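Notes follow the structure.
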Amino acid sequence: MDEQIRQVLADFGRLEADVATIPDNADLYQLGLTSHASVNLMLGLEDAFDIEFPERLLRKSTFTSIASIRAALSDVLPTAASSPQS
Amino acid sequence: MSFSVPSVAARIAADICGPVADDVDREGRLPKESLDALRAEGMLAVMVPASHGGPGASVAEVAAAVTELATACSSTAMIYAMHQIQVACLVRHERTPYLDAYLRRVVAEQPLLASATTELGVGGDIRTSLCSLEYDGDRFTLDKQAPVISYGEAADAVLATARRNPDSPPSDQCLVLCERPGLTLEARGAWDALGFRGTASLGFRLAASGPVDAVSPEDFGDILARTMLPVSHILWASVWLGMARAAIGKARSFVQAGARNAPESSPPAIRLAEAAGQLESLTALVSASIARFEALGDDEPGPGELVHFNSLKVIASGAVIDLVGRAMTICGMAGYRHDSPYSLGRLLRDAHGAAVMVNNDRIIANTASQVLLQRERR
């Protein structure tokens, strides 16, 4: 999952830093993630993982770090697998 | 609460702001008498919580006060609103010991706080900073080219945005309290505009130094989303509501006077009724926004809230232009002339500032990205 997150981040985050070496807990906003790029990042993650984030997770804090993105995805993935899309 | 914030504002509006509003507008000068009166009544510190010696007024009370002031003088109301936005940012966010002590000083000293969030070269995007804080031991310095700092000349302190460190990217911003005498503002140009002529919204070169403890520890993006954006849009909309109320009030007086003189024929009453309905709609929108902000409490706003608070600004700024225009149609020549009790010229000019001074297109573009994030509730 981490590799996929980093790939989406590299594709949509528009960060100057090398995404492969960003620590899990580094603050992505401090690394230059803009609010506009965070929208594209979110949409990219939904596409890559074939999920839809519920509105409660669509917060700035969800996309603060690779670790927080992983936590959000873990939150969504089992639910998406066990319940049909409405 | 030992006193009612909206009632004090209503009294100051009637006694002080109203009588000087035309002079402030004509001369394009700060409404000094009104600001002095607000300070003398303790009105600059009303949002400071009881824990810090203030009366702890709510956003709803301050919004009502702003509307009262705006019925008499748009510029005074806008300055008061912008000041309270800065206080709200201090009150609602994590504070260093220095900023915590400053909040108590707001009660004791009643400083007027201004804002420097825009910068030359960023195209109006307040989520981008070019300037950066620099550090020397336990002191910071900041040098910022601000295209606008409303009422900067009268401000005792300015809350400015900057990149947190010299090597931070443009989006890694913080908010810093810049206080006189460590703050100097060198005016750039003049403020001779169509409306809000009393806000003295000049450009400045801001140079400041102070203790590093005057830098808010929170990310500016969070302060903006949780407090600065919703409170700004609520209080600005409250200014416009007061202006619209003043305009429709004049139209009502005009129609009433006509009805007294010729009771059998007063067609503008239909138009007045339509305008009154639009004014109710604006009033309801502002109330709904305040309720939504208060319901959110300390929670992080989501796309639904951001769409709401952005739309509030766009809709309310359009509504005030519409309502002043309706009042003009109702009053006719009496509204068009400067030498009439129904004169609407100043309100008409001020109303157009609502959509221009903070550009609606930028806000709609921000809303567009949030609309992409919205989900059906399930």
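Brief remarks on what is shown
- Pairs with Cβ under 6 Å, 6+ apart, first in segment A:23-38 and within 9 Å of chain B (Cβ to nearest Cβ) and open to solvent by 50 Å² or more (accessible area, probe 1.4 Å), second of a type in the set (Asp, Glu) and in a loop (DSSP other than H, G, I, E, B): A:GLN30/B:ASP172
- Flag for B:LEU130 being of a type outside the set (Lys, Arg), in contact with an Asp or Glu (Cβ under 8 Å, 6 or more places away or on another chain) and surrounded by fewer than 20 Cβ atoms within 10 Å (Cβ to Cβ): yes
- Residue tally, condition open to solvent by 60 Å² or more (accessible area, probe 1.4 Å) and touching a residue at least 12 places away in the same chain (Cβ under 8 Å), over segment B:16-25: 1
- Every pair of residues 6+ apart whose Cβ atoms lie under 7 Å, when the first sits in segment B:106-128 and is among the basic types (Lys, Arg) while the second is assigned to a loop (DSSP other than H, G, I, E, B): B:ARG127/A:THR34; B:ARG127/B:SER171
- Residue in segment A:64-79 that is more than 30 Å from B:VAL122 (Cβ to Cβ), in contact (Cβ under 8 Å) with a residue 12 or more places away in the chain, within 14 Å of chain B (Cβ to nearest Cβ) and in contact with a Leu (Cβ under 9 Å, 6 or more places away or on another chain) present: yes
- Lone unmet requirement of (1) surrounded by fewer than 18 Cβ atoms within 10 Å (Cβ to Cβ); (2) more than 12 Å from chain B (Cβ to nearest Cβ) for A:ARG56: (2)
- Residue in segment B:213-225 that is modelled with pLDDT of 95 or more, surrounded by fewer than 22 Cβ atoms within 10 Å (Cβ to Cβ) and under 19 Å from B:LEU348 (Cα atoms) present: no
- Listed by position, the helices (runs of 4 or more DSSP H) contained in segment B:1-66 that have at least 2 residues being within 20 Å of B:ALA244 (Cβ to Cβ) are B:5-12, B:18-27.
Matching residues to (1) in a strand (DSSP E or B); (2) within 14 Å of another protein chain (Cβ to nearest Cβ):
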position	(1), (2)
B:PRO170	no, yes
B:CYS174	yes, yes
B:ALA190	no, no
B:ALA193	no, no
B:GLY203	yes, no
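- Some residue of segment B:238-249 being open to solvent by 30 Å² or more (accessible area, probe 1.4 Å), touching a Cys at 6+ places or on another chain (Cβ under 9 Å) and either touching a residue at least 12 places away in the same chain (Cβ under 8 Å) or among the aliphatic types (A, V, I, L, M) (or both): no
- Set side by side, the residues B:SER129, B:SER209 differ, and just one is farther than 24 Å from B:MET357 by Cα, polar (S, T, N, Q) and either in a strand (DSSP E or B) or at pLDDT 95 or above (or both), which is B:SER209.
Residue by residue, here is whether (1) touching a Gly at 6+ places or on another chain (Cβ under 8 Å); (2) open to solvent by less than 50 Å² (accessible area, probe 1.4 Å); (3) within 12 Å of another protein chain (Cβ to nearest Cβ); (4) under 20 Å from A:THR34 (Cα atoms) holds:
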residue: B:LEU306; (1), (2), (3), (4): no, yes, yes, yes
residue: B:VAL314; (1), (2), (3), (4): no, yes, no, no
residue: B:ARG326; (1), (2), (3), (4): no, no, no, no
residue: B:CYS331; (1), (2), (3), (4): no, yes, no, no
residue: B:SER343; (1), (2), (3), (4): yes, yes, no, no
residue: B:LEU372; (1), (2), (3), (4): no, no, yes, yes
residue: B:ARG375; (1), (2), (3), (4): no, yes, yes, no
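- Elements of type helices (runs of 4 or more DSSP H) in segment B:259-378, at least 3 residues being touching a residue at least 60 places away in the same chain (Cβ under 8 Å) and under 27 Å from B:SER150 (Cα atoms): B:268-296, B:303-331, B:345-356, B:360-373
- Looking only at segment B:157-168, and only at residues there that are within 12 Å of B:LEU206 (Cβ to Cβ) and of a type in the set (Gly, Ala, Ser), the one that is nearest to the other protein chains (Cβ to nearest Cβ): B:ALA162
- Any chance B:PRO181 is open to solvent by 40 Å² or more (accessible area, probe 1.4 Å), part of a loop (DSSP other than H, G, I, E, B) and more than 14 Å from chain A (Cβ to nearest Cβ): yes
- Some residue of segment B:137-144 being open to solvent by less than 20 Å² (accessible area, probe 1.4 Å), within 15 Å of B:ALA187 (Cα to Cα) and not in a loop (DSSP other than H, G, I, E, B): yes
- Qualifying residue in segment B:360-372 (condition: farther than 23 Å from A:ARG59 by Cα and not charged (D, E, K, R)): yes
- Note on segment B:93-123: among residues that are in a loop (DSSP other than H, G, I, E, B) and over 17 Å from B:LEU206 (Cα atoms), the one that is most open to solvent (accessible area, probe 1.4 Å) is B:GLU94.
The values are calculated or read from the model by the stated rules, or taken from the named source; none is laboratory data. All of these numbers come straight from a predicted model, not from anything done at the bench. Every residue, glycine among them, receives a Cβ derived from its backbone with ideal geometry; neighbour counts consider all protein chains shown. We work out accessible area using only protein heavy atoms, side chains counted, and drop any ligands, DNA or RNA first. Shrake-Rupley method; radii C 1.70, N 1.55, O 1.52, S 1.80 Å.
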